[in-house]
Amino acid sequence: MSYDMPEATPSLSDELKLALGEQNFGIKYYRILDGSEFRAEVGLLDDPQRSITVAVTENGWEVVGVQPVTRYPTLDDLLRNTSQSYAQREQDILMSKLQELADKENAREE
C-alpha cells in the first residue's frame, strides 16, 4: 500500500518573507517585527513618515489595527489597495513590460 505525500506548503513566516522580498519596487522598506514571525512593518512610498503593519494569516493578508478588518488574498492586493504610489508603480512596470513585448513583436514582423 502506498500513500501520496501532501505537497509541501510554505509556512506563514516563509510566505511573509518571500512576499515582502518581491515588493522592493513599490515600498521603501520592510521589517519583520520582533516577537511576531507573521507581522511586518512596511514603509510606504506615499509619505516618508507613513508605514503600516501587515500580517499574514491562514485567511489572507491584512493591515493590523484597521477596522473593519479587510483581508486580501495576496500582499500585492493589500498594497495596491492601501498605497496609491504602489499601485501606480506596479501599473508603470506592467505597461513598460507590455511595451517591450510589443516592440519585440513589431521588430520580428519587420
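The values are calculated or read from the model by the stated rules, or taken from the named source; none is laboratory data. Everything numeric here is computed off the predicted structure, so don't read it as measured data. Using ideal geometry, Cβ is built from the backbone for each residue, glycine included, and neighbour counts are taken over all protein chains shown. To get the accessible areas, we keep the full protein, side chains included, count just its heavy atoms, and leave off ligands, DNA and RNA. Shrake-Rupley method; radii C 1.70, N 1.55, O 1.52, S 1.80 Å.
Please enumerate the residues belonging to the stretch 88-98 that are over 12 Å from F25 (Cβ atoms) and either touching a strand residue (DSSP E or B) at 6+ places or on another chain (Cβ under 6 Å) or open to solvent by less than 100 Å² (accessible area, probe 1.4 Å) (or both).
Within the stretch 88-98, L98 is the sole residue that qualifies.
Scan (1) farther than 22 Å from S11 by Cα; (2) modelled with pLDDT of 90 or more for the single condition I32 breaks and write down its number.
Among (1) farther than 22 Å from S11 by Cα; (2) modelled with pLDDT of 90 or more, I32 violates only (1).
Being open to solvent by less than 80 Å² (accessible area, probe 1.4 Å) and among the charged types (D, E, K, R) is the requirement here; does D34 meet it?
Criteria not met by D34.
Can you name the residue in the stretch 45-69 that is open to solvent by less than 70 Å² (accessible area, probe 1.4 Å) and not hydrophobic (A, V, I, L, M, F, W, C) and is also modelled with the lowest pLDDT among such residues?
Filtering first and then ranking leaves D47.
For the stretch 45-72, enumerate the residues that are closer than 13 Å to I27 by Cβ and in a loop (DSSP other than H, G, I, E, B).
L45, D46, D47, P48, R50
For the stretch 43-66, which positions are of a type in the set (A, V, I, L, M) and within 15 Å of E15 (Cα to Cα)? It would help to see each step written out before you state the result.
Filtering the stretch 43-66 for residues of a type in the set (A, V, I, L, M) gives 44-45, 52, 54-56, 63-64, 66.
Scanning the stretch 43-66 gives V54, A55, V56.
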